[in-house]
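Visitor: After the structure tokens below, expect a handful of questions from me.
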Amino acid sequence: MAIENTKSSVESRNHPRLVPSKRFTLALLVFFAFIVQYSQRVNLPIAIVCMTETPACGHNHSSTPLKTGLKNETLNFILNSSMTGKQSCTSEKKGGLFDEKRFHWTELNQQLLLGAYWAGYIFTQVPGGWLATSVGAKWVYAGSLGTSSLATLAMTIMHKMSSTHVTIAFMLRFITGLAHGVLFPATIALWSLWAVPHERSTLASIGFCGTHLGTSITMLFGGLSCRYLSAGWMYVFIASSILGFIWLALWIRLTADSPNSHQSISDHERDYIGSFTGHTGTKRTMSLASIPWKNIINSKPLNALMITHIANLFGLFFFLTSLGKLLTQLLHIKAENTGYILSFGFFLTLLSSLLSGIACDRFVRSKKVTLTNARKISNGLTSFIPVICMMLLYFCDERRYELGVFTILIFLASSGLGYGSGYVVNFADIVPAYSGVIFGIANTLASLAGLIGNLVAGAVIKKPVLEQWRKLYVMFGIVYLIGGVVYIVYGSAVPRKWAKFQAVNNDAKLEENTKVEEAPPTTEKT
């Protein structure tokens, strides 16, 4: 009852403005952090085009677009559109501070180097959530991007090396992947402390927009550097690492793990956030034994969320790595036009993520819809629209290329809804005290599912013909449908009683019967 009364007293006063506020500043810095992360994630897939020798130069070492992991093929298609379409060997005079240098890497070397990032990334999802809960998300963020910025800058030493660059590059990319793996779980844990339910979508969507902008900026900068500067790849690594160091200085100075530990936050804003999240500012350590695994396994809303999370990323990861091939091989779109199409598609993803988050919170605050129903609408759209897209693509080849292009753009736009107001944000709604760890588990499974999707596609598609792609459209359509239906039936935005901060801060409450769930006042009706 004390918490209920606190909420009432806070609600009776004017809500602290979102702009400007410390939580909005935090959202902008998270946005900046994701720009840094994605610029460092995609810098090698872009730079490798001008790091390796080409067959045209008289070497048997490929530097053509590579299919090596999440988004790499798509990024290389976009890179090609920003370049001349031809890679000259030595005839084109370039400027810059560095002498031209290319590496004699075999196709296997390139595959290993680009795969090194994901080899590290997949292992730190769960540790990232645990560290964000036990140590604090501020220093998890700082350690993550501080480490990756150093590793990225260290990639430039290859310019002075002659023989051991493959081993060094693999180790540095593996370290970068390890460092970046903690960010998404840490972000979910961060918003469980900083974002009240009816602002969570807005704040989260602002931050996640940095993923798409970071990709776009790096693609543009990398393409121009490789085209006009000698050893253009050096500038890509230097710029993305310097960007990380600038962010790190701002992050350490302006942020805190929670509102209670922030040195300059107003009492009004701190009390406002705490009254809804229930977090008291008490640091807590979390062991594997202290996590209520039985409750997690038996929670239907949480299981539904994990299923829709895995189902969506199973399809999304595959298509992000295969859209370039789909456009060129099936729809017969020229490679130079493919880049513009996909760039516009990524912009639609960014736009839908941001706008859906703002719209969701506005409707919840005006009490036109409950938070649970808002999440179900967003998840329904981000799951069922791709089902329709799969049905349309089933009939699309070069004779219906206009419909195919339009369908791909709609697919990319609908994918942003899950990040702005759907399944990605929902973890902080229903399991706030354990959101980082549980999201880490779900994201690990989803990442594995995405890799499996690529393996299945490789086994199914032997020739670039529509008949073989139709099998994939049917498979992914079914998976999207299952994920959407399960969430519509069992999904929720009501926090589980055993996963509230009030419960975990009181050891006596950890063993309570959790059959009856408590809805947050002002957002849900029971």
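The values are calculated or read from the model by the stated rules, or taken from the named source; none is laboratory data. As the structure is a computational prediction, the values presented were derived from the model and not from experiment. Virtual Cβ from ideal backbone geometry, glycine too; neighbours counted across all protein chains shown. The area values use the complete protein model at the heavy-atom level, side chains included, leaving out ligands, DNA and RNA. Shrake-Rupley method; radii C 1.70, N 1.55, O 1.52, S 1.80 Å.
Visitor: Only one of (1) without any contact (Cβ under 8 Å) to a residue 40 or more places away in the chain; (2) in contact with a helix residue (DSSP H, G or I) (Cβ under 9 Å, 6 or more places away or on another chain) fails for Ala459. Which number is that?
Guide: Against the list (1) without any contact (Cβ under 8 Å) to a residue 40 or more places away in the chain; (2) in contact with a helix residue (DSSP H, G or I) (Cβ under 9 Å, 6 or more places away or on another chain), Ala459 comes up short only on (2).
Visitor: Next question, about the same structure. Within region 129-167, track down each residue that is among the charged types (D, E, K, R) and open to solvent by 30 Å² or more (accessible area, probe 1.4 Å).
Guide: Across region 129-167, the qualifying residue is only Lys160.
Visitor: On the basis of being over 25 Å from Ala256 (Cβ atoms), among the basic types (Lys, Arg) and either assigned by the TED database to the domain that holds Ala33 or out of contact with any Lys or Arg (no Cβ under 6 Å at 6 or more places or on another chain) (or both), does Lys160 make the cut?
Guide: Taking the combined requirement at face value, the residue satisfies it.
Visitor: Given the criterion under 16 Å from Pro386 (Cβ atoms) and over 21 Å from the mean Cα position of the chain (by Cα), identify the matching residue among Leu326, Leu330, Leu348.
Guide: Going through Leu326, Leu330, Leu348 in turn, just one is under 16 Å from Pro386 (Cβ atoms) and over 21 Å from the mean Cα position of the chain (by Cα): Leu326.
Visitor: Test Phe237 against the stated conditions and say whether it is open to solvent by 10 Å² or more (accessible area, probe 1.4 Å), under 24 Å from Gln37 (Cβ atoms) and outside the structural domain of Phe439 (by the TED database).
Guide: No: the conditions fail for Phe237.
Visitor: Would you mind stating whether Val126 is open to solvent by 10 Å² or more (accessible area, probe 1.4 Å) and more than 18 Å from Thr176 (Cβ to Cβ)?
Guide: It is true that Val126 is open to solvent by 10 Å² or more (accessible area, probe 1.4 Å) and more than 18 Å from Thr176 (Cβ to Cβ).
Visitor: Could you tell me which residue of region 9-44 is surrounded by the most Cβ atoms within 10 Å (Cβ to Cβ), considering only residues that are at pLDDT below 80 and in contact with a Ser or Thr (Cβ under 9 Å, 6 or more places away or on another chain)?
Guide: Looking at residues that are at pLDDT below 80 and in contact with a Ser or Thr (Cβ under 9 Å, 6 or more places away or on another chain), I get Val10.
Visitor: Would you mind finding the one in Gly404, Gly416 that is in the same structural domain as Met475 (by the TED database) and under 22 Å from the mean Cα position of the chain (by Cα)?
Guide: Checking each option against the conditions leaves just Gly416.
Visitor: Which of the residues that make up region 468-481 are surrounded by fewer than 17 Cβ atoms within 10 Å (Cβ to Cβ), among the hydrophobic types (A, V, I, L, M, F, W, C) and either touching a Pro at 6+ places or on another chain (Cβ under 8 Å) or in contact (Cβ under 8 Å) with a residue 24 or more places away in the chain (or both)?
Guide: Val474, Leu481, listed by residue number.
Visitor: Just one of (1) without any contact (Cβ under 8 Å) to a residue 40 or more places away in the chain; (2) among the charged types (D, E, K, R); (3) closer than 20 Å to Val42 by Cα trips up Arg102, so point out which.
Guide: Among (1) without any contact (Cβ under 8 Å) to a residue 40 or more places away in the chain; (2) among the charged types (D, E, K, R); (3) closer than 20 Å to Val42 by Cα, Arg102 violates only (1).
Visitor: Output the qualifying pairs, or none if there are none: Cβ atoms under 8 angstrom, residues six or more apart or on different chains, first residue in region 388-399 and loosely packed, with under 14 Cβ neighbours inside 10 Å, second residue of a type outside the set (D, E, K, R) and not in a helix (DSSP H, G or I).
Guide: Here the result reads Glu398/Leu331; Glu398/His332, each pair linking region 388-399 to a residue that is of a type outside the set (D, E, K, R) and not in a helix (DSSP H, G or I).
Visitor: To continue, here is another question. Would it be correct to say that Val425 is in contact with a Gly (Cβ under 8 Å, 6 or more places away or on another chain), modelled with pLDDT of 80 or more and open to solvent by less than 40 Å² (accessible area, probe 1.4 Å)?
Guide: Yes: the conditions hold for Val425.
Visitor: OK, next. So, in region 333-386, exactly how many residues are open to solvent by less than 70 Å² (accessible area, probe 1.4 Å) and in a loop (DSSP other than H, G, I, E, B)?
Guide: Residues meeting the conditions: 4.
Visitor: Name the residues in region 140-170 that are without any contact (Cβ under 8 Å) to a residue 40 or more places away in the chain and either part of a helix (DSSP H, G or I) or in contact with a Pro (Cβ under 8 Å, 6 or more places away or on another chain) (or both), would you?
Guide: Gly143, Thr147, Ala151, Ala154, Ile157, Lys160, Thr167, Ile168
Visitor: Among the residues of region 252-266, is any of a type in the set (Gly, Ala, Ser), modelled with pLDDT of 95 or more and surrounded by fewer than 19 Cβ atoms within 10 Å (Cβ to Cβ)?
Guide: No, the conditions are met nowhere in region 252-266.
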